[in-house]
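Below is one structure, written out as structure tokens, with a few remarks after it.
The values are calculated or read from the model by the stated rules, or taken from the named source; none is laboratory data. Every value quoted in this text rests on a predicted model; they were computed, and no experiment measured them. Reconstructed Cβ throughout: ideal geometry from the backbone, glycine too, with neighbour counts over all protein chains shown. Areas reflect the complete protein model, heavy atoms only, side chains present, ligands, DNA and RNA absent. Shrake-Rupley method; radii C 1.70, N 1.55, O 1.52, S 1.80 Å.
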Amino acid sequence: MAAHPQHTLNGPVRFSGIGVHTGATVSVTVSPAPANSGVTFIRTDIGDRDARIPARTDMVRETRLGTVIGNAAGVSVSTIEHLMAVFCGLGVDNASVALDGPETPIMDGSCEPFVRLIDRVGLRPQAARREYIEILEPIVVTDGDKRAALLPADGPEIALEIAFDTAAIGRQRIDLALSETGFRRELADCRTFGFLHEVEALRAAGLARGGSMDNVVVIDGGAVLNPQGLRRPDEFVRHKALDAIGDLYLLGAPLIGRYEAFCPGHTLNHALTRAALERTTAWRLTPWRHGVARAV
């Protein structure tokens, strides 16, 4: 057994739910996978062509309101970012995700339901060493006043700021040294959010068909409409951190480095991961070393 091994699930996890954009009910089975195989999504409802999609940056096809991956056969899976964030946050290196529809269920809009499901079966170590992506030089992308960067650091860190005109959000910032404990305590329960005035346009475009106050924090003007309110005063920026963790894990390994961003979204995150793949001298694969957290 490697000193700091890769991990997979100890057994299969099954769940179902609706897709926030398609509105379709999808059943999912997350199963253990061999060492060094990474995360793979498999569309079990498709039998006439290749239905396997590795969860990698080069497989990203769309980033408008979520992360969509697809293969050369035209098969895709959308809204994978929350489940990917949980794999990263809990230290799941290898997993097979079989689903009978085009979108990962939104559950309650946060990562917490996935955490509870994986905790039921637990993880097991594998006979291969985990490697990290250690950032050696700054990697920066911009889009107008939006910015995202990967910077050298002694361990995994995330610093993120958002700014919205609505008083319901305003300006929020988070700066965390990440670990499995931190992921669970600080981020996992924070839900996705959206604006009521955008719903009609989104639905006309075939999106947000499964969105409701059961799975989205809904904002109208300067108010949060959900009867139960917010789980945290800065739930919005914390959820953006979850999205970033999930998108970054498409690089294929956890990071030793600092993610910094101002007003990021999936498109900017994907641009950052693409830039990282192109800047091969700006990072290296390295094993665990003293001071590096087990996960994220």
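Taking Gly252 and the conditions (1) at pLDDT 95 or above; (2) small (Gly, Ala, Ser); (3) open to solvent by less than 50 Å² (accessible area, probe 1.4 Å), which numbered condition does it fall short on, given that it satisfies the others?
Failed condition: (3).
Every residue in region 89-100 that is open to solvent by less than 10 Å² (accessible area, probe 1.4 Å) and either in contact with a Gly (Cβ under 7 Å, 6 or more places away or on another chain) or among the charged types (D, E, K, R) (or both), please.
The one that is open to solvent by less than 10 Å² (accessible area, probe 1.4 Å) and either in contact with a Gly (Cβ under 7 Å, 6 or more places away or on another chain) or among the charged types (D, E, K, R) (or both): Asn94.
Applying the selection to region 32-65, what residues are of a type outside the set (A, V, I, L, M) and over 18 Å from the mean Cα position of the chain (by Cα)?
Within region 32-65, Pro32, Pro34, Asn36, Ser37, Arg43, Thr44, Asp45, Gly47, Asp48, Arg49, Asp50, Arg52 meet the criteria.
Conditions (1) assigned to a strand (DSSP E or B); (2) among the hydrophobic types (A, V, I, L, M, F, W, C), marked per residue:
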residue: Gly11; (1), (2): no, no
residue: Phe15; (1), (2): yes, yes
residue: Thr22; (1), (2): no, no
residue: Val30; (1), (2): yes, yes
residue: Asn36; (1), (2): no, no
residue: Ile46; (1), (2): no, yes
residue: Arg49; (1), (2): no, no
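Just wondering, is there one or more residues in region 25-42 that are in contact with a strand residue (DSSP E or B) (Cβ under 9 Å, 6 or more places away or on another chain), within 15 Å of Asn94 (Cα to Cα) and without any contact (Cβ under 8 Å) to a residue 40 or more places away in the chain?
Looking through region 25-42, none of the residues is in contact with a strand residue (DSSP E or B) (Cβ under 9 Å, 6 or more places away or on another chain), within 15 Å of Asn94 (Cα to Cα) and without any contact (Cβ under 8 Å) to a residue 40 or more places away in the chain.
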